[in-house]
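Derivation of every value follows stated rules applied to the coordinates shown; laboratory data play no part. Here the structure is a predicted model, which means the values were calculated and not measured. Counting neighbours? That spans all protein chains shown, and the Cβs are built from the backbone with ideal geometry, glycine included.
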Amino acid sequence: MGSPARAQNWESSIEADRDLVVRARAGEEDAFAEIVRGYQRRVYGVAMRMTRRHEVADDIAQDTFIRAYRSLDRFELGRPLGPWLVKIAVNLSINYLNGAARREQSLYTEDTPAGPVEPAASPDPGREPLESNPMRRLLSSEFACAVSGALDKLSPEHRAVFLLKVEEGLRYDEIAETLGISRGTVMSRLFRARARLKTMLEDYR
């Protein structure tokens, strides 16, 4: 589930982030390297949950920090750095997913015959559930695959709002700031994402 502590950590690190950004703007490479070390796991995690592909998430994480470095002069000092970096990563992920969807549709239309769709793999297939009962492990694994597959069917925009709320534990206004949309749009997208997931996972209720 979500982690409100992450949002609190962002708020408590504003002064430290400000110092690092100021030093990085002045050309101190060690300062920007510290920014990367401090946020790379979070940025990669967001990209991974959005795209479900390790190599793509890794590329997006690297591109996120490249773009952040080039845009440091435009970062508003006194604001938390985490949401700004996550916004870049989410937007890159959305661009990738929309581009992948267009490419897939083009291939499907021109070259690919209709056929069954394989279920999406669990985002962490090597992780063993806590239950020791084989049947419960099987059901847990099936449900994890079902949830993963259902998330994959959400639009990139709806998936981003859902993951930032549930996985990152951000408040509505923080999601709005991160994605550059209104609070009302956040609430609307979250409502629709939850409604669609509920429908797709009806058999597991």
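Side notes on the structure shown:
- Estimated FRET transfer efficiency when R0 is 45 angstrom, pair Arg23-His54 (beta carbons, to 0.05): 0.90
- Net charge dipole size for the stretch 59-101 [Lys, Arg +1 and Asp, Glu -1 on Cβ; Debye, nearest 20]: 100
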